[in-house]
Every structure is written in structure tokens, then in C-alpha cells.
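For reference, the structure discussed in these notes is given below.
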Amino acid sequence: MHWADVEAGLLVDSPLIATGITPSGPIHLGSLREILTGDAIRRAKDDARLIYIADSIDPLRKVYPFLNEDYEEYVGKPLSEIPCPCGSHESYAHHFLAPFLESIERLGVECDVLHTHEMYAEGEYEEAARKLILNRERVKDILTTVTGRTLNNDWYPYNPICRECGKMNTNVTNFSDPYVEYICGCGYQGKADIRKADGKLPWRCDWPARWWILGVECEPLGKDHAAAGGSWDTGKLIVEDIFDRDAPNPVVYEWIQLKGKGAMSSSTGVAIKAEDILDTVGPEVVRFLLYKYKLQTHIDIEPGLGVLELIDEYDAWEAGYFAGTIDEDSRRVYELSQVDDIPAQQPYRVPYKHLVNLVQIYDDKKHTWELVRDDKCNIHDRKLFETRVEQVRYWLNKFAPDMVKFSILESLPEVQLSDIERTFLSEYLEELISKEDWTPEWLHQKVHERAEETGIKKGKAFRLFYRIFIGQPRGPKLGRFLAQLERDFVVDRLREACLDH
Ligand SMILES: [Zn+2]
Ligand SMILES: [Zn+2]
């Protein structure tokens, strides 16, 4: 059984599944694993609801490498109160959330988005904050026992935001319901109202508090939170002890890694933006990437040539689904990968790899479609083709290694052919002219045969074509490449090259 169905089977009726993030920087592909894990379980369970909680009241921790130094003055302030880097969003938090929310919509994720700065402002945390503060010794006990850290005597499970300087750099001095009294590092003394967004609970208290406030039944979490002594362990004890409720069902997932560079993280810059990968492979393939693996498997993504393999795999999986040749679990992966309804019949797919060549040869989509379509194609297949052409172009611009890039030379470049090269090429040309239908395999095979007969080194023979057509020493797989070019163009160009002195 697929893990989404296993997890769904553990839940009560109409459960609430919660996921979330602190929008402190660009939200990358790695962060999609959490929300897509939640979305798969939502789909697998009747009447389940998924929420995405943006921790917009969290403070900016430091000036990240992607920020300019002007942000120094905002360190310690809530993300919802910091100006957005581009000037067109409501806040810093919104700036980084907006593209991500757009991405999850494209991925077909159905969820409600909550912002913690609004939840605090609307008083939703009031009762939870009160319980935690009134039981602060007990909470402190749990935190020190489980984490092994010591907490100061004046520790409170509440971080006021200084009214004067706007930062969370305060020491709490007293609680006089509903006010938390504090002294700030800036010298200001004030009172924070727990019914308002005057402060927030520390993360390890905020998490169990929201389980209780919202009634969370299931929570996908990264392995960092799940580590021994981590925030899951303390959250579970706090929610049981202080809020008298069970912890949600934890669903622990592994990281997505950038191949050869480690786990993705926006603070280190080792990351692929969610929108970039969507523009490269489309939402179904992103879902597929996450659902074909077990949750405890780390996923390596390589956005260069690795993308080509991934898409080929998706196409093959899809073909297997419609041919009935893949097992139940694999069928489920395909179903969960769909953004819209499962197609009624197998879509016509032009292999991504072929399009990598074709879009570099022909500028005209309409013309390219005529080359690749078959008689049964409908308007929907045409649309899939056009989308894939756009994706290939995006990939070529953003991720493709130089070795796959080329452009066809409009005229024959200066090539000095040796006698043996000329003999080889003329004989190859004769073969081409005498054969009506060229297949990639045949075109490739004939290079080998002719090279052998002429006595020219095979590498040299292959390079000759790249010099003549793209002016580079190497290029795409030759048989396919020649087959994709117009027949007359190939013949004329080779003939000209043979004549040239
Ligand atoms: Zn912005
Ligand atoms: Zn202050």
C-alpha cells in the first residue's frame, strides 16, 4: 500500500493535517516535500483538510546572504513587520511566501493558508499562552529534561515584542493577566497583551499550542524536528501535559538533496526554487518525484541531465499505467501525481530529450508539432506538447549543461576536409541519397560502417558532422540529430561540404 494510504488509515474522520514554514527566505523545492506529503494524505482520506501555517511573526534571525546590509536593523523583528525586498509585497514574509503559494497552487495542493501574525493578532493564542505561562515551571521542566539545556530562572514561555524598538530582545519580569511585563535590551519597559500580536510563544511551545488551538490530527515533519530531544519530543509532552490532548500523528520525511551539494537550504543557497523546478518539469513530475519514494528515503535531484532521466521515467510510468503493466503501488503513485483528473486515455508524449534537440533546431512550434505528431493526436496532446516545449526552453536557459546546447549554423562554416574525410563524407552522402526513410539508428550505424570502410577514425567521423552543422567539436547524439533535421537541408549541407576546397 502506498504510504499516503497507510497514513490516511491511521487518522480519525475528517482530520486536520497541518504543515508550515518560516518564510525567512526563498522557499525551495526541498520545502515542497512537507506540503506535498500532507496533500497526498489529504487526498487519501475523506473529508481531510490541509492547512499551511506561515510563521510570519517569527523574527528575522540574521542578515542572510541574499539580503543587503540594510536588513541589519530588522534582525529580531517579526517577518510580518519587515519591508519586502522588492517593494511590491505587503511584508518580508509575504514577499517570500507569494511565489511559493503560487507554486503549490500550480501543484494542485488544496490547503488553507494561515499566517501566525494574524492568528496572534486575532487572539487565537490567548488561552494557550495563558496556560503555558501559568504552568511555566512544568513547561520549563519538560524543556530542560528533554533537551538537556538549562533555562534561566526568569524564563517565560512567551517572547514579547518591544513596543519601542520592535524587536524580540526582551526579558520578562512578570505576568499580570493578560499582560506580560518586560524590559527590553533597548532599555524600554513595557507590557505585552497576550490577546494581541504583542509577542509570541517560543517555537517549542508554539507548536503544541497550535495543535491544541486548531485540533491538528496529522503533521508531516522534517527529520530535524523529529530527532531525539527535538521539538517533536518536547511538543508531544507539552501538548499532553499542559493541553491535555494527544499529539498529532507524526509523518517524518527525509530531505531533498541537491546532488553532490547536500540538503537544500535557503540560508546556505544550496537550493532550487520551487517555481524553477515547476517551470522545468511541470507539476505532475514534481509530485511524481516525491511520491515514488518512501518518506524515509532521501531524494537526490540533479537539475541538469538528471531532469531528462526523471521525465523519461515519468513518461514510462505513465505508459505502464495505461498498459496495465505496473503494480498497484505504482499505479497509486501515478494517480497521486496528477494535478487534474487522471487522463481518460494515455496522453501522447514527445520525449523531452527529443525536444531538447528540436527546440534548438526549429524556432517554430507549429512546424515542430507537424514533425512529431501522429494521426491520433488531439488538441489536448498538442497542448501537452506546447507546454513541454516551454519547459525544455526553460531548462536549456536555466539548468542544461553546455554540452547539450547548440545552434544550427545558417551556412557552411570554413571546414578544411582532408582527403580521407572527403571520401568518407561523399560515401556517407551517397548512402543518404539512396535511402528513402532515415531512422536515427540507421543514420548512426552508417557512420560506423562507412568510417570502417574508409579507414577514418570513428571519433573523427562523428566530429565532422558537428563541425559542419553546428561549428562545435561535439553535439547531440548524431543519428537522432540528423533525423530531426530536414532531409534536403542535410543533403545540401553535406554536398556543399564535400565540394568545398
Ligand atoms: Zn517583494
Ligand atoms: Zn526595545
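What follows draws every value from the coordinates through simple rules; no lab data is involved. Source: prediction; values computed, not measured. All Cβ positions, glycine included, derive from the backbone under ideal geometry; neighbour counts span all protein chains shown.
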Exercise. Given 0.36 nm per residue, what is the gain on full extension from Val415 to Trp442 after removing their alpha carbon distance, in nm?
Worked result: 7.2 nm
Exercise. In the stretch 413-441, which residues have a backbone nitrogen under 19 Å from the label point lying 7 Å from Cys377's Cα in the Cα-to-Cβ direction?
Worked result: 438-440
Problem set entry | Cysteines in the chain lacking a second Cys C-beta under 4.7 Å | Cys84, Cys86, Cys111, Cys205, Cys218, Cys377, Cys498
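When only Cα pairs under 8 Å and 6 or more residues apart are kept, what is the percent relative contact order across the chain?
Working: 779 pairs, mean separation 62.4, N = 501.
Reported as a whole number, the value is 12 percent.
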Exercise. Structure shown: which of Lys259/Lys353; Lys405/Lys435; Lys292/Lys383; Lys366/Lys405 lie over 24 Å apart, alpha-carbon to alpha-carbon?
Worked result: Lys405/Lys435; Lys292/Lys383
Seminar exercise, completed: If every Lys and Arg gets +1 and every Asp and Glu gets -1 at its Cβ, then about the Cα centre the chain yields a dipole, in debye to the nearest 20, of 1060
Exercise. Looking at the chain, what % of the alpha carbon pairs are farther apart than 32 Å?
Worked result: 55
Seminar exercise, completed: Phi angles of the stretch 178-187, converted by Karplus (6.51 cos²θ - 1.76 cosθ + 1.60, θ = phi - 60°) into ³J(HN,Hα) in whole Hz with x for Gly and Pro, give x, 10, 9, 8, 8, 10, 8, x, 7, x
Problem set entry | For Ile53, residues with placed amide H under 5 Å, excluding near neighbours | Thr19, Gly20, Ile21, Leu114
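Give the shape of the stretch 124-188 as rounded, prolate or oblate, defined through the alpha-carbon gyration tensor: a ≥ b ≥ c are the square roots of its eigenvalues, a/c under 1.5 means rounded, and otherwise the shape is prolate if a/b is larger than b/c and oblate if not. Walk me through the numbers before you get to the answer.
Details: a/c = 2.22, a/b = 1.39, b/c = 1.60.
It comes out oblate by the Cα gyration axes.
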Exercise. Once the Cβ-Cβ distance between Glu328 and Lys259 is put in as r, and R0 is 30 Å, what FRET efficiency do you end up with, to the nearest 0.05?
Worked result: 0.50
Seminar exercise, completed: Over the stretch 274-404, the quotient of the Cα radius of gyration and 2.2 N^0.38 Å is 1.06
Problem set entry | Exposure proxy order (Cβ contacts within 10 Å, fewest to most) of Leu214, Leu371 | Leu371, Leu214
Exercise. Can you give the charge dipole size of the stretch 370-433 about its Cα centre, rounded to the nearest 20 debye, using +1 on the beta carbon of Lys and Arg and -1 on the beta carbon of Asp and Glu?
Worked result: 660
Exercise. In nm, to one decimal, how far is the modelled label at Gln345 from the one at Asp488, with both set 7 Å along Cα→Cβ?
Worked result: 3.4
Exercise. Mind checking the angle between helix 29-44 and the chain's longest principal axis? C-alpha axes, 0 to 90 degrees, to the nearest 10.
Worked result: 80
Seminar exercise, completed: Taking the dipole of the chain about the Cα centre (Lys, Arg +1; Asp, Glu -1; charges at Cβ), the one of Gln257, Tyr52, Pro473 that reaches farthest to the positive side is Pro473
Exercise. Hey, fewest Cβ within 10 Å first, where do Phe399, Phe385 land in order?
Worked result: Phe399, Phe385
Exercise. By how many degrees, 0 to 90 and rounded to 10, does the Cα axis of helix 203-214 deviate from the longest principal axis of the chain?
Worked result: 90
Exercise. Among Thr454, Gly324, Leu425, whose Cα lies farthest out toward the positive end of the dipole of the chain, if unit charges sit on the beta carbon of Lys, Arg (+1) and Asp, Glu (-1)?
Worked result: Thr454
For this session: Can you tell me the 0 to 90 degree angle between the C-alpha axis of helix 379-398 and the longest principal axis of the chain, rounded to 10?
Result: 80
Exercise. Looking at Phe489, Thr387, Leu371, which one has the Cα that reaches farthest to the positive end of the dipole of the stretch 348-501 (charges on Cβ: Lys, Arg +1; Asp, Glu -1)?
Worked result: Thr387
